[in-house]
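For reference, the structure discussed in these notes is given below.
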Amino acid sequence: MPPPKNVLGQRVATLALQQEKRAYIVARNRALLARNVERLSAWIEAHTPMFHWIAPQAGAMAFLRYNLPIPSEELSRRLRETQSVFVVAGSWFGLDGHLRLGIGGDPDHFAEALRRIELFLAQEFSERA
């Protein structure tokens, strides 16, 4: 039996792919990414040598290398449980000592997530934060 069709999803995709809508969506997303990359770059600069990255050339994900005495899976779990911040453990990609952050969302939410990460670092690693 074939899977059910997602009529609503197909309609939304059809609308989003219209030339003028597509151009608006792409421009909006690029602006969000640029703003968040700029913010993250400044944040990392303020937290060097604890964090290091190579800014992404495309896409809405960033990998941060960190210098903390904690495995990435534990760090991501504790950030989620104590600060309600979701980052992905680098170990899931074979890169322990790294975190993957989504950088394509609302800039205010992203700024709040960075603030919460900073709070966690200050509470847990005060001599290094």
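The values are calculated or read from the model by the stated rules, or taken from the named source; none is laboratory data. These figures come from a predicted structure and were not determined experimentally. Backbone-built Cβ (ideal geometry, glycine too); neighbour counts: all protein chains shown. Side chains are part of the model used for accessible areas, which takes the heavy atoms of the whole protein and leaves out ligands, DNA and RNA. Shrake-Rupley method; radii C 1.70, N 1.55, O 1.52, S 1.80 Å.
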Contour excess over end-to-end distance, with Cα ends at Phe93 and Ser41 and 0.36 nm allotted per residue: 16.5 nm
Length released on extending from Arg77 to Ala122, taking residue separation times 0.36 nm less the Cα-Cα span: 14.5 nm
Region 1-125: relative contact order in percent, alpha carbon pairs under 8 Å with at least 6 residues between: 22 percent
³J(HN,Hα), Karplus 6.51/-1.76/1.60, whole Hz, each residue of region 84-98, x for Gly, Pro: 6, 10, 9, 10, 9, 5, x, 4, 5, 10, x, 10, 4, x, 10
Counting all C-alpha pairs of the chain, share separated by more than 19 Å (%): 56 percent
Solvent-accessible heavy-atom area per residue, rounded to whole Å², over the chain at 1.4 Å: 67 Å²
Whole-percent carbon and sulfur share, accessible surface of the chain, 1.4 Å: 55 percent
Packing-based order for 7-17, 72-82, using average beta carbon neighbours within 10 Å, highest first: 72-82, 7-17
